[in-house]
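Please read the structure below before turning to the comments.
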């Protein structure tokens, strides 16, 4: 597997959003938001695009995610390798991930993350980022996808996972 750091191109954004529709644990992301992400780690295998992991730098924290592995490449260890690689690149800073995916939670636990069960105890910076991201994401497509997934899928409980420097 090869990992490159760069911005996404339009064709990759379309592919990722098509994949996201298949999974209960990943929320729809507007194309404009995908284009704003400056730090995207993109995984390839045999020159084939297999997934991405976004890193957002805040003041005292780094946010990891969205994190997407194409369905046909899941269960082969690519997600674990990509997530581990991205997390190990973050030095001397607090890291947080928000997810309802049990597989992601298992990987994060092995990497020393602590599951936060009380949103009120999160740092102000994480809460403000989450609120801002939600408000920026809010549009008709996002709401339709949210309702569609709620009706069609059983989704796990959402948690924040924290790793302190």
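Each reported figure results from applying straightforward, stated rules to the coordinates on display, with no laboratory input. Worth saying up front: this structure is predicted, and the values here are computed from it rather than measured. Neighbour counts run over all protein chains shown; Cβ positions are idealised from the backbone, glycine included.
Some notes on this structure:
- Residue 89/residue 158 FRET efficiency (R0 22 Å; Cβ-Cβ; nearest 0.05): 0.35
- The stretch 102-165 and the stretch 8-82 have Cα centres lying 15 Å from one another.
- Gyration tensor (alpha-carbon) shape descriptor, the chain, a/c threshold 1.5: rounded
- Ranked by how many other Cβ atoms sit within 10 Å of their own Cβ, fewest first, the residues 14, 62, 40 fall in the order 14, 40, 62.
- A helix-only calculation puts the chain at -12000 deg cm²/dmol for mean residue ellipticity at 222 nm, using -39500 (n - 2.57) for each DSSP H run of at least four residues, averaged over all residues.
- Here the stretch 30-61 is scanned for amide nitrogen atoms under 11 Å from the site 7 Å beyond the Cα of residue 116 along Cα-to-Cβ, giving 61.
- Residue 144-residue 165 FRET efficiency (beta carbon distance; Förster radius 35 Å; 0.05 resolution): 0.35
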